[in-house]
Amino acid sequence: MSVERTFVAIKPDGVQRGLIGEILIRFEQKGFKLIGLKQITASRELAEKHYGVHRDRPFFSGLVDFITSGPVVAMVWEGDGVIASARKLIGATKPLEAEPGTIRGDLAINIGRNVIHGSDGVDTAAFEIGLWFQEAELNDWIPSDQSWRVEG
Ligand code: IDP
Ligand code: MG
């Protein structure tokens, strides 16, 4: 398993509902390393690029309205297999189908208010990290307890 980076964002509903801490703790406790974190209100241009793959879907303009409606908490997490693992922590896109124990399974009911985004693959992770963060905003650091979470 190789060290990866993924882009995760707490959407405006998660921020408005006071769920930032509840969501962050799940990634921290899992043991992944936080290397970038900021609160940002996305421009329409940024949101349209981020969700560009969905531009022809009927929900696209509503999705862009929603994601630009208030601040999001944008993050980059690093670790072995973090891209797929973050998607598991997040749960299925439809919150009513997301397993209990996942973020969406525990904290959401509606597909249009599913509180969190996570990159779905290596290429989208690289694209989304570059879209939301400057290289200088990413911190290369070694947590003091790293050897207790990662072998070698
Ligand atoms: P994902 O967030 O689990 O990767 P995607 O299929 O990539 O799911 O969809 C991106 C986002 O678009 C979803 O998280 C959700 O907020 C929104 N979305 C997807 N499908 C629908 C829909 O049918 N109605 C409203 N919003 C949708
Ligand atoms: Mg997606």
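By the scheme Lys and Arg +1, Asp and Glu -1, what is the net charge of all other residues having a beta-carbon under 14 Å from that of Gly52? Don't skip to the end; give the middle numbers.
Numbers: positive: Arg44, Lys49, Arg55, Arg57; negative: Glu45, Glu48, Asp56, Asp120, Asp123, Glu128.
Once all neighbours under 14 Å are counted, the net charge is -2.
How much net charge surrounds Ile67 when only other residues with a Cβ under 13 Å from its Cβ are counted (Lys, Arg +1; Asp, Glu -1)?
Charge balance near Ile67 sits at -1.
For Ser69, tell me the accessible area in Å² from a 1.4 Å probe, rounded to the nearest 10.
Here the accessible area works out near 80 Å².
Counting each DSSP H run of 4 or more residues in the chain as -39500 (n - 2.57), what helix-only mean residue ellipticity at 222 nm follows after dividing by all residues, to the nearest 500 deg cm²/dmol? Mind dumping the intermediate values first?
Working: 7 runs with 56 residues, N = 152.
Theoretical 222 nm ellipticity from helices: -10000 deg cm²/dmol.
Out of every Cα-Cα pair in the chain, what percent are more than 29 Å apart?
Working: 1424 of 11476 pairs.
When all Cα pairs of the chain are counted, 12 percent exceed 29 Å.
Please enumerate, by chain and number, the aspartates and glutamates with C-alpha under 17 Å from the C-alpha of Lys33, excluding those fewer than 8 residues away in the same chain.
Here the aspartates and glutamates satisfying the reach criterion relative to Lys33 are Glu4, Glu22, Glu78, Asp80, Glu135, Glu137, Asp140, Asp145, Glu151.
Using a probe radius of 1.4 Å on heavy atoms only, what accessible surface per residue do you get for the chain? Whole Å² is fine. It would help to have the intermediate numbers written out before the result.
Values: 8560 Å² over 152 residues.
Value returned for the chain: 56 Å² of accessible area per residue.
Using a Gaussian network model of the chain with C-alpha springs under 10 Å, which one of Glu99, Glu45, Glu137 is most mobile by mean-square fluctuation?
Per the Cα network of the chain with a 10 Å cutoff, Glu45 tops the list.
Between the DSSP loop rule and a limit of at most 14 other Cβ atoms within 10 Å, which trypsin sites (Lys or Arg not before Pro) in segment 54-152 are left?
Details: sites: Arg55, Arg87, Lys88, Arg104, Arg113, Arg149; in loops: Arg55, Arg149.
Within segment 54-152, the qualifying trypsin sites (Lys or Arg not before Pro) (loop, at most 14 other Cβ atoms within 10 Å) are Arg55, Arg149.
Using a 1.4 Å probe on the protein chains only, how many percent of the accessible area of the chain belongs to carbon and sulfur?
The computed percentage sits at 52.
Which order do you get for Phe32, Phe127 if you rank them by accessible area with a 1.4 Å probe, largest at the top?
On the way: Phe32 30, Phe127 105 Å².
Heavy-atom accessible area, descending, gives Phe127, Phe32.
Cut-off 10 angstrom, C-alpha nodes, Gaussian network model of the chain. Which of Val15, Val72, Val115 fluctuates the most?
Val15
Relative contact order of segment 1-100, please, whole-number percent, based on alpha carbon pairs below 8 angstrom and at least 6 residues apart. It would help to have the intermediate numbers written out before the result.
Details: 125 pairs, mean separation 48.4, N = 100.
The normalised contact order for segment 1-100 reaches 48 percent.
Given a 10 angstrom Cα cut-off, can you work out which residue in Phe59, Phe133, Phe27 is the most mobile in a GNM of the chain?
Among Phe59, Phe133, Phe27, the largest mean-square fluctuation in the Gaussian network model of the chain belongs to Phe59.
The values are calculated or read from the model by the stated rules, or taken from the named source; none is laboratory data. Here the structure is a predicted model, which is why all the values come from computation and not from measurement. Don't worry about glycine lacking a Cβ; one is built from the backbone with ideal geometry, like all the others, and counts go over all protein chains shown. Areas reflect the complete protein model, heavy atoms only, side chains present, ligands, DNA and RNA absent. Shrake-Rupley method; radii C 1.70, N 1.55, O 1.52, S 1.80 Å.
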